[in-house]
1. Need the list of aspartates and glutamates near K260 for cross-linking: C-alpha distance under 15 angstrom, and skip anything on the same chain fewer than eight residues off.
2. Give the angle, between 0 and 90 degrees and rounded to the nearest 10, that separates the Cα long axis of helix 230-245 from the longest principal axis of the Cα atoms of the chain.
3. Taking the chain as the reference, fit the longest principal axis to its C-alpha atoms, fit the long axis of helix 212-226 to the helix C-alpha atoms, and give the angle between the two in degrees, 0 to 90, nearest 10.
4. Could the peptides 17-26, 147-156 be put in order, highest first, of the mean number of other beta-carbon atoms found within 10 Å of their residues?
5. Percent antiparallel among DSSP beta bridges with both residues in region 106-199, to the nearest 5?
6. Mean residue ellipticity at 222 nm from the helices of the chain, using -39,500 (n - 2.57) per DSSP H segment of n ≥ 4 over the full residue count, to the nearest 500 deg cm²/dmol?
7. Given a cut-off of 21 Å, what percent of all Cα-Cα pairs of region 58-176 lie beyond it?
8. For H223 and L90, compute 0.36 nm times the residue count separating them, minus their Cα-Cα distance, and round to one decimal in nm.
Amino acid sequence: MIMSENVQAPSKYENLAVKQDDSVLYVTLNRPDTRNALDGKTLRELDQVFTAVEMDEEIRVIVIQSTGGKSFAAGADIKQLHERTALEALIPGMQGLYSKIENCPKVTIAAITGYALGGGCELAMACDIRMATKSAKFGLPELNLGIIPGAGGTQRLARMVGKGRALDMIITGKLIDGEEAERIGLVTYFVEKESLQEEIEKVISNILKKGPVALQLAKLAVHKGYDLDMGTALWLEKLSQAVVFGTEDKKEGTLAFLEKRNANFIHK
Ligand code: CO8
């Protein structure tokens, strides 16, 4: 098994708390005094985590959550944005990191309580699944600052909730709560605050029963296929299916069904 290097060594991160629980990695945004504003250091640390987990076969699900209860993440650090030049805004930065998170071979879950604004909302949108409580408040208020959502917000939000609702949220900067976010398709699961962890674990337990290679390729086919023309996207699906048909796990998964037992997948 290929293991990543020190993915959760405590001394490695200042603005994140990273904890592994078997095949699940919990990544906690930990700058509550700033409502978990995403400064350069936090983004670099997130990048380190996602680089490290890519090669770690043991980790299958990553949960991004926050401390403090008031805020998942209040967006990019506005103090740092104030100093940023036009040319500096051209580097991959937060947008590049979020593409890396979307392309991560592991399943990603954002657990949202409190504010998910600007780059915080965009971080949640880069994950595969969003679980939110009533206290969650989603919004893209960048226009208040004289800038636009620049970490995928203009594109991912429109793809998730439709162009009309995305334009409304971006142009008015209005905030919506977890329940409304679920109604319009921005949130995958709306849950009670008290049962958030339990609901996360239920979803994870379901995911962990699936063939790991199939999970990875299903995720890729949806994300990558979404922006392609139908014919090319279906071809991508076909090729992905051909790859999983060549795995031991496909033999095991189908045999387990026929033998009326649980499958024992080996990631091969
Ligand atoms: N950046 C820096 N500091 C912040 C941020 C932030 N995004 N959000 C909150 N803080 C700080 C506050 O300045 C305050 O600091 P201090 O205690 O030193 O005064 C502390 O956190 C607590 O904040 P509040 O007192 O305002 O707390 P409230 O609970 O009253 O309000 C809110 C919480 C609603 C989250 C409020 O703080 C707020 O509106 N924050 C800003 C939200 C925002 O505009 N986010 C969008 C940022 S822009 C962005 O994300 C762009 C992403 C793409 C960038 C691409 C670049 C190329």
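A short reminder: the numbers here are calculations on the coordinates, not readings from a lab. Keep in mind that this is a model prediction, so the values were computed, not measured. Cβ sites come from the backbone with ideal geometry, for glycine too, and all protein chains shown count toward neighbours.
1. Excluding near neighbours in sequence, the set is E252.
2. That works out to roughly 50 degrees.
3. Between helix and principal axis, roughly 50 degrees.
4. Order by mean packing, descending: 147-156, 17-26.
5. 20
6. It lands at -13500 deg cm²/dmol.
7. Of all Cα-Cα distances in region 58-176, 36 percent exceed 21 Å.
8. Length gained, H223 through L90: 45.5 nm.
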